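Input: a single structure, listed below in structure tokens.
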Amino acid sequence: MSDLAWTLLRVRGGAKSPDGTFGYLLNGTTVFCTMEDDWKNNLPSESCIPEGTYTLQRSWYHAGGYEVFEVTNVPNRQRILIHVANTEENVKGCIAPGLAFGRVAVAKDEDTGAVGVTKDAVVSSKPALAAFMKAMEGHNTGTLTILWAPGVL
């Protein structure tokens with residue numbers, strides 16, 4: 001079976017959003033919302049991923065105890081996972097899929113330190129990851145092309 005090709009089109013965020021980087025993960029008619037960290041010059045565990053085409057590799061999320069896909073071959077980075085999360089406080093340079101965009105309360109904003117704030121987020125992340133994994137069923141690898149929508153960054 002051939003690899004599945006996905007595109008992550010970022011539509012909002014980068015260095016301009018205090019709540020993270022948001023986009024759409026696309027494969028044919030399959031679409032998920034995404035949330036990542038802000039753009040911080042590709043700093044490991046702190047930044048969203050640079051534009052480019054990468055390999056997706058089936059892996060295991062040890063902290064969550066479930067199967068995921070890892071984005072590999074990102075310069076100066078490792079262990080970038082597609083895993084369940086809602087806000088940038090829940091990812092360390094990884095990608096969170098969701099079924100929709102929404103707002104979620106966080107205990108403490110990772111950038112400002114503000115307590116008890118509500119932030120932009122992806123919601124229904126667990127069912128989104130389950131649907132993504134179902135789409136990847138029978139595939140151990142895939143490709144991911146990451147692009148910024150015109151004028152975003």
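Of the residues 105, 121, 85, which single one is within 20 Å of residue 46 (Cβ to Cβ) and either assigned to a strand (DSSP E or B) or modelled with pLDDT under 95 (or both)?
Within the list 105, 121, 85, the selection yields 121.
Look through region 34-73, keep the residues that are among the acidic types (Asp, Glu) and either assigned to a loop (DSSP other than H, G, I, E, B) or more than 12 Å from the chain's Cα centre (by Cα) (or both), and return whichever of them is modelled with the lowest pLDDT.
Checked region 34-73; the qualifying residue modelled with the lowest pLDDT is 38.
Of the conditions (1) over 25 Å from residue 138 (Cβ atoms); (2) out of contact with any strand residue (DSSP E or B) (no Cβ under 7 Å at 6 or more places or on another chain), residue 118 clears all except one; give me its number.
Status for residue 118: all satisfied but (2).
Taking the criterion of being in contact (Cβ under 8 Å) with a residue 40 or more places away in the chain and polar (S, T, N, Q), would at least one residue in region 74-89 satisfy it?
yes
Would you pick out the residues in region 116-126 that are more than 18 Å from residue 38 (Cα to Cα) and either charged (D, E, K, R) or in contact with a Leu (Cβ under 6 Å, 6 or more places away or on another chain) (or both)?
124, 126
The values are calculated or read from the model by the stated rules, or taken from the named source; none is laboratory data. These numbers were taken from a predicted model, which means no experiment stands behind them. Please note: Cβ atoms are built from the backbone with ideal geometry, for glycine as well, and neighbour counts cover all protein chains shown.
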